[in-house]
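So the structure is just underneath, and the comments pick up after that.
The values are calculated or read from the model by the stated rules, or taken from the named source; none is laboratory data. Just so you know, these numbers come straight off a predicted model, no measurement behind them. Note that we place each Cβ from the backbone using ideal geometry, even for glycine, and neighbour counts take in every protein chain shown. SASA here: full protein model, heavy atoms, side chains in, ligands and nucleic acids out. Shrake-Rupley method; radii C 1.70, N 1.55, O 1.52, S 1.80 Å.
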Amino acid sequence: MREQLEKLQRDAEEELRGALTDEAIQVIRTKYLGRKGVLTSILRGLGSVAPEERPAMGQLANQVKDALSLRIDSVLAGLAASKKDGKLLQERFDVTLPGRGGACGKLHPITLVTQEICGILASLGFSIVEGPEVELDYYNFEALNMAKDHPSRDMQATFYITENLLLRTHTSPVQVRVMEKQKPPVRVIAPGKVYRPDADISHSPMFHQIEGLYVDKRVTFGDLKGTLTFFLKHVFGDDIGVRFRPSFFPFTEPSAEVDIRCVMCSGKGCRVCGQSGWLEILGSGMVDPEVFKAVGYDSEEYTGFAFGLGVERIAMLRYGISDIRLFTENDRRFLEQF
Amino acid sequence: MKVSLRWLRDYVDIDISPIDLADRLTMAGLEVDAVEEYTPAFTGVVTARILSMKPHPGADKLHLLEVSTGEQVLPIVCGARNMKAGDVVALATVGAAIPGGYSIKSSKIRGEASEGMLCSEDELGIGPDASGILILPADTPLGVNLIDVLELRDTVLDIGITPNRADCLSIIGIAREVAVLCGKKLRYPKIAFKESSEDIRSLTSVEIMDPDFCPRYTARMIKGVRILPSPKWMRLRLEAVGLRAINNVVDVTNFVMMELGQPLHAFDFRFLDEGRIVVRRSREGEPFVSLDGKTRNLNAETLMICDGRKPVAIAGIMGGENSEVKEDTDTVLLESAYFNPSTIRRGARFLGMGTDAAFRFERGIDPEGVVRALDRAAQLIADLSGGTVSKGHIDTYPGKVDVSGPITLRMKRVEEILGTEVKAAEAAAILKGLGMNVKKEGRGVLSVIPPTFRVDLWREIDLIEEIARIHGYDRIPVTIPPIPAPGDIHDRKREFESAVRAALNGQGIMEVLNYSFISPQSADALALPESDERRRFVRIANPLTEDQAVMRSTLLYGLLETMRRNVNAGSPDLKLFELGKIFIARGEGEQPREVDKLALLLTGSRYGENWHFQGLATDFYDLKGALENLASCLRLAALRFVPDTTIPYLHPGRAARVLIGDREIGSLGEVHPDVIGRMDLRNRAFVLEIETEPLMGRADTAIRYREYSRFPTMIRDVAFLVPMEVDADRMLSLVRETGEELLETVDVFDVYSGKGIPEGMKSLGLRFTYRSPSRTLTDDETGQVHGRMVKRIVESTGARIRGES
Ligand SMILES: [Zn+2]
């Protein structure tokens, strides 16, 4: 009888493998497990089994029955699932078609660079201030130690409104306005638009500067170097070479032009850096005592440094833009890239 | 300024390469912009000897020559006459290039072969002599590049001199810096010459009418000059620094200006009426013909050099045509003066004449170097022209030129400024090297008198800069100042603008940046009425172009121009915004009102050309939605929109004023078709412009959670039939005014007019959502509340009910 039961199991499995429809499976179930099925007829022979083996045989017959039942259910379930899948597959989409909804907007590259720079300087404790773009001659020049008729005014060609009113040529007048209102310590940056009558591939009549000013007791030229080196390494990477060289600005003394190693040629010399291997990146210096005098600070008690940088210049280096006019042309194909 | 190394070496020894020299100068504040090899504009010219010479059989004026370069013998046909067999000459060989773009080819001239050309100085551009070919000394080696034989090669440094360093506008000034930086000795030129017995004071006089403008005027006279081209050594030096050689007198004045930094002028004495000099101001409207042949109309503020009757030069700027040195000049009156820097600057600006002389005078020359330059020029003119210098010089010095007295320099202060200690001995050595008189005044204190040519040194800080510059900025150690605990870290405006940008970016709107100046035509283009404050332009006195002549009084004009450029460039689908200032003029000379604004422009298709939405154009509600979305992102209280038919550049039926609370902040709408036409924009566009300042601080940033109801809603939809001109806002306000507690929201879910709706009417579908915070509403209860609501609307507006559910 044991052999008969095992054979039943093998035969049924074999037939199930060939069954592909619900009906065929139901036929198999009836054939083996039905009231007139194979299992029933085997169990009829239970009487001829030795009485002591009967419980074991009964148990085995039940096991075979349960196993086969389970197996049939699972084949049926599998068949149902694959039928449903087939139907869903027919509802297929072309998932490679573009999705709906427009592209996200972009910020202007000048905004991006301004935000980045202001962020770095804010982390050094500088807070942001603003000043008027149509400025008085006094703030733009005179209070910054640039008297009328002084040749230093040649350094900054100027758009005039009237004799004493002009479009600010730099963000430095904000320094003066801040110091007039506030006692030291002062640690501010002033981003904004500035204007000079110049227009070509590398000059725009309107461009952006960020001015920095730090005045306190015992601020030194070493602090200026440290702060600006830290700043430039944040903007251009830790490996960037930085050098400070003497220069002249009427409102700082000593003054320093700050250069970085050319990011285009790594210092070997190229068209961008005029073969020098260095790029002028910002102007800086210790605040001139004349400026302190104009705002009523005691230059024996306080010292400070100021710096100014051109946002367009940094954006051009950062993004590889060679024509400054692109910033104000606002061609969609330009704006989309940032 | 261009500096010839050949010339520089006359005053200081240089034993480092030009590149190293350039680097040292740059790092000391004299920025070298370029290091250029200066060579004449020819190649392939070598020395050669004429072996034989006979007449050309076919042409009277030509000769047949055989010349040897040492390696080959070449036949040459030559038209000059000044040579003979045995002369060493300059041969442009086949393939040589000579000035004027000529290249030498192998040729036949009247049947005779010519393998090159013998050149004159003039043809090579190295001198004025065009009368015959260049004959070189007989012992000149053959076959050698002429550039090497004549030592025509030079290196020229182009140095950017900052406005404070007037003393470096001369070769000697640069040499002085080189000497300090390289530890060399500076050699001044030796000045010595013979004088005749005739005293200059018996020949001429100088009278200064305006000592403020001309504190000092000195003069010498040289008689019996012969006007000739200058010698090669002088021409090479002048040309290397970019000056054109003219004649031996004019060249000397230029040479000494470059050498010592003192501009000079030479008059032909015979043209000076009454034989004397008078220095006075010009008269208003006085005409004067300057050396360049141009007639200048003077103002009353220009300083003139005159003779007894008439002006003969614009002081410090340019000489006059009426007294210039000519080929037959015999007697020269030489001027060396100190003019007030502001005077010269004003004059040069007024006349638009930025000459080399004016450039130096306006930056300030050495008031005590005037006579030395006069003597140096007299010496050179006498040497080169064979003239005789009259005895003595005139030095009229009625004015006073400020020069710096002793400056106290505290070494402690040096350290306070630089952040590093510099030893007093080093500081003293640096300052002495720069020509200063340095004395020890006490412990760590020096007393320093700057030389008179350093017109930029007056204060202790000026000396500290000199010390830092020569000591080397790179040797000053880097320190980081203490970073303060952040105070008020919230920068309201910055944060607000960032939030605006993020909200607009999130809606696919791109930021643009337009010029702050626009065309004054913008007011007409936008049809602004005469009374509109946006016509109160801030006008630029010296604009680059008329298109950029006024400061913008609206951001919209720039946005529309940006649209036009993009549409023309094939990008018609645009969503743009700009944040920036506009400017409204106040009183004359007063600073204008500067107002922060936000502007948006939408045009073209809503989502771009795209398979989902074909031909779906942007409309008014995209724009309004963008603003509402922005307000929501910024947590602003509800904006209000009031229809306005009078905004000149907007479609009268599709425009609204925008208010926050009771404050009007701007407007939005469809651009008026006339504006589209006038500005040639081609497509419809929707714009808004609002002031941003009133929005700041209106954000509801104090977030308080409110309990929401856990009971179900009852929804009732009603379609009202109302006249076309009844706006949705009116209906919604009526509903809200009821203050019905159970009404949770009311929304417009449908607007329809057309088929099935009477002419002049529209169907407005409102959805009323009712809910109680504390219980489930019954149908009856809801019905009662809703009935009252609908009745009220019907009574107030005359609306009819088209359908209800
Ligand atoms: Zn480079």
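For segment B:646-737, applying the loop criterion from DSSP together with a ceiling of 11 other beta carbons within 10 Å to the trypsin sites (Lys or Arg not before Pro) yields B:Arg704, B:Arg706, B:Arg710. Among the DSSP helices (H) of chain A, those spanning at least 20 angstrom by Cα along their long axis with an average Kyte-Doolittle hydropathy of 0.5 or more are A:109-123, A:221-236; this is a geometric and hydropathy rule only. Summed over both chains, the contact between A and B buries some 7200 Å² of accessible surface at a probe radius of 1.4 Å. Kirkwood radius for segment A:2-90, taken over all pairs of different Cα atoms as the inverse mean of 1/r, rounds to 14.4 Å.
Each label point was placed 7 Å from the Cα along the Cα-to-Cβ direction; for A:Leu97 and B:Arg788 their separation is 5.1 nm.
Under 5 Å between amide hydrogens, built in the peptide plane, is the criterion, and for B:Leu636 it picks out B:Asp700 among residues at least 5 positions away or on other chains. With contacts taken as Cα pairs under 8 Å and at least 6 residues apart, chain A reaches a relative contact order of 15 percent.
Spatial offset of segment A:319-338 relative to segment B:388-439 amounts to 51 Å, using the alpha carbon center of each.
Applying the criteria of a DSSP loop state and at most 10 other Cβ atoms within 10 Å to the trypsin sites (Lys or Arg not before Pro) of segment B:184-252 yields B:Lys185, B:Lys190, B:Lys194, B:Arg244. Quick check for you: which residues of segment A:212-227 have the amide N under 17 Å from the point 7 Å beyond the Cα of A:Lys183 toward its beta carbon? Those under the cut-off are A:215-218. Taking all Cα-Cα distances within segment B:195-396, those exceeding 27 Å account for 22%.
With both labels modelled 7 Å from their Cα along Cα-to-Cβ, the B:Arg640 to A:Met264 distance reads 5.8 nm. Of the two radii for chain B, the radius of gyration is 1.19 times the Kirkwood radius, both from the alpha carbons; that is the Rg over Rh value.
What range in chain B is the longest one free of chymotrypsin sites (Phe, Trp or Tyr not before Pro) that are in a loop by DSSP and have at most 11 other Cβ atoms within 10 angstrom? Looking at chain B, B:1-610 is the longest stretch - no exposed chymotrypsin sites (Phe, Trp or Tyr not before Pro) with at most 11 other Cβ atoms within 10 Å. Helical content of chain B, expressed as a calculated mean residue ellipticity at 222 nm, amounts to -7500 deg cm²/dmol (DSSP H runs of 4 or more residues, -39,500 (n - 2.57) each, divided by residue number, nearest 500). Summed over all non-identical Cα pairs, the Kirkwood treatment of the protein assembly as shown gives a radius of 38.3 Å. The portion of the accessible surface of segment B:714-804 made up by carbon and sulfur, rounded to a whole percent, is 48 (1.4 Å probe; DNA, RNA and ligands excluded). In segment A:220-255, which residues have a backbone nitrogen under 19 Å from the label point lying 7 Å from A:Asp298's Cα in the Cα-to-Cβ direction? Those under the cut-off are A:220. At q = 0.16, 0.17 Å⁻¹, work out log10 I(q)/I(0) for segment B:492-696 with the Debye formula, treating every Cα as an identical point scatterer and leaving solvent out; two decimals please. Values, matching the q order: -1.10, -1.25. D by Stokes-Einstein for segment A:105-185, Kirkwood Rh over Cα pairs, 20 °C, 1.002 mPa s: 147 µm²/s. Here the Debye sum runs over all C-alpha atoms of segment B:283-358 as equal scatterers in vacuum, and log10 of I(q)/I(0) at q = 0.11, 0.18 Å⁻¹ comes out as -0.26, -0.71. A helix-only calculation puts chain A at -13000 deg cm²/dmol for mean residue ellipticity at 222 nm, using -39500 (n - 2.57) for each DSSP H run of at least four residues, averaged over all residues. Across chain B, Cα pairs under 8 Å and at least six residues apart give a relative contact order of 8 percent. Given their separation in residues at 0.36 nm each and the Cα-Cα distance between them, B:Val144 and B:Ser196 gain 14.2 nm when the chain is fully extended. Computed with a 1.4 Å probe over protein heavy atoms only, the accessible surface of the protein assembly as shown comes to 46 Å² per residue.
Report the percentage of all Cα-Cα pairs in segment B:315-431 whose separation exceeds 26 Å, rounded to a whole percent. I get 46 percent for the Cα pairs in segment B:315-431 exceeding 26 Å. Spacing of the modelled spin labels on A:Ser82 and B:Glu112, each 7 Å from Cα toward Cβ, amounts to 10.9 nm.
Derived value for segment B:43-149: Kirkwood hydrodynamic radius 13.6 Å. Basis is the mean of 1/r over every pair of different alpha-carbon atoms. From Cα pairs below 8 angstrom and at least 6 apart in sequence, can you work out the relative contact order of segment B:146-247, rounded to a whole percent? For segment B:146-247, the relative contact order is 20 percent. The Rg/Rh ratio for chain A is 1.58, where Rg is the radius of gyration of the alpha carbons and Rh is the Kirkwood radius. Dimensions of segment B:174-249 along the principal axes, based on C-alpha atoms and rounded to the nearest Å, stand at 47, 36, 27, largest first. Accessible area of A:Thr30 (1.4 Å probe, protein heavy atoms only, ligands and nucleic acids ignored): about 90 Å². Cβ distances below 4.7 Å define possible disulfide partners, and in the protein assembly as shown the cysteines left without one are A:Cys104, A:Cys118, B:Cys78, B:Cys119, B:Cys168, B:Cys182, B:Cys214, B:Cys306, B:Cys633. Sparsely packed loop sites in segment B:71-135 (the trypsin sites (Lys or Arg not before Pro) outside DSSP H, G, I, E and B with at most 16 other Cβ atoms within 10 Å) comprise B:Arg81, B:Lys84, B:Lys105, B:Arg110. Using a probe of 1.4 Å on the protein chains alone, the accessible area found for B:Asp402 is around 110 Å².
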